[in-house]
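The values are calculated or read from the model by the stated rules, or taken from the named source; none is laboratory data. Everything quoted here is computed from the prediction, not taken from an experiment. Cβ sites come from the backbone with ideal geometry, for glycine too, and all protein chains shown count toward neighbours. Keep in mind that these areas ignore ligands, DNA and RNA; they rest on the heavy atoms of the full protein, side chains included. Shrake-Rupley method; radii C 1.70, N 1.55, O 1.52, S 1.80 Å.
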Amino acid sequence: MSFASTYNESWSDHRLIKSYNPLNNRVIDEKIKGFNAYRTFNISANISTNIYGTFLNSNKDAKIQGIRHVLSPMIGYSFNPNFQSEDWGYYNKYIGANQQEVWYNQFEQALFGISIPQLSNSINFSLLNNLEVKVKDENDPKGVKKIKIFETLNFSTSYNFTAEEFKLSPIMMTGTTSLLNRKVNIQFGGQLNPYQIHFEPGKTSGT
């Protein structure tokens with residue numbers, strides 16, 4: 001199990017004040033000089049384990065002598081406060097056209113301006129696979145050799161409790177393998193969006 005926390009602090013020699021001029025229908029930017037600092041942080045925790053599966057062939061003459069599969073599931077939690085809330089003082093507002101409130105980042109024009117994070121409260125999942133086989137090889141001094149089917153095959157996604165919609169992120173898949181006695185390395189990947197899958201009787205489609 002691991003626990004991590006990150007903290008960022010940036011300094012600026014000004015902050016931005018915006019106002020709306022109804023006479024010419026324009027938003028006016030005014031830089032207020034002076035020392036300002038903005039700080040962000042987040043916390044996360046992860047727990048993982050390894051599950052081993054092994055098959056040994058009792059037939060010593062068989063081509064496949066064994067199979068080894070390693071599963072490494074991981075579940076994690078991360079929390080990011082809503083720094084866009086007015087309580088933190090990083091965002092300000094002005095009254096725009098039609099008397100609506102418009103919120104903006106006071107440090108968006110700073111030299112090291114950042115995108116102020118919104119609230120994030122999510123659980124992360126991943127499943128890492130490693131699969132190799134042991135085959136009979138008369139040319140090998142040991143009489144067998146190992147062949148990696150998948151050096152890595154990883155599936156991952158996350159679930160954001162605070163998202164207004166589409167709380168489940170796309171399921172990502174990445175992997176690596178090799179061919180020709182590990183002379184050629186292959187990387188591959190893809191994703192499945194659970195919100196773009198549609199089922200009809202006798203018909204299946206998805207992206």
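Some notes on this structure:
- Using a probe radius of 1.4 angstrom, the carbon and sulfur fraction of the accessible surface of the stretch 54-207 is 56%.
- Summed residue charge, Cβ within 14 Å of Gln109's Cβ, Lys/Arg positive, Asp/Glu negative: 0
- Nearby lysines by direct alpha-carbon distance to Lys18 (threshold 17 angstrom, same-chain neighbours under 8 apart not counted): Lys31, Lys33, Lys93
- Annotation for the stretch 126-183: trypsin sites (Lys or Arg not before Pro) lying in DSSP loop with at most 12 further Cβ atoms inside 10 Å of their Cβ are Lys142, Arg182, Lys183.
- Multiplying the residue separation of Val184 and Leu127 by 0.36 nm and subtracting their alpha-carbon distance yields 18.0 nm.
- Highest-MSF residue in the chain out of Ser120, Ser158, Ser58 [GNM, Cα springs under 10 Å]: Ser58
- The residues of the stretch 1-96 present an accessible area of 68 Å² per residue when probed at 1.4 Å with all protein chains retained.
- Here the stretch 88-193 is assigned +1 on the Cβ of each Lys and Arg and -1 on the Cβ of each Asp and Glu. Its dipole about the Cα centre then comes out at about 640 debye.
- Under the simplified labelling scheme, the Tyr195-Ile17 pair shows an inter-label distance of 3.9 nm, with each label point 7 Å from Cα along Cα→Cβ.
- Largest GNM mean-square fluctuation among Gln196, Gln84, Gln118, using the chain with Cα springs under 10 Å: Gln196.
- The stretch between Lys93 and Leu168 holds 23.9 nm of extra length on full extension. This uses 0.36 nm per residue minus the Cα-Cα distance.
- Only one of (1) 1.46; (2) 1.62; (3) 1.24 was calculated from the structure for Cα Rg over 2.2 N^0.38 Å, and its label is (2).
- Simple spin-label estimate for Gln84 and Asp140 in nanometres, 7 Å along Cα-Cβ: 5.5 nm
- Note on Arg68 and Asn42: the extension gain reaches 5.6 nm, defined as 0.36 nm multiplied by sequence separation minus the Cα-Cα distance.
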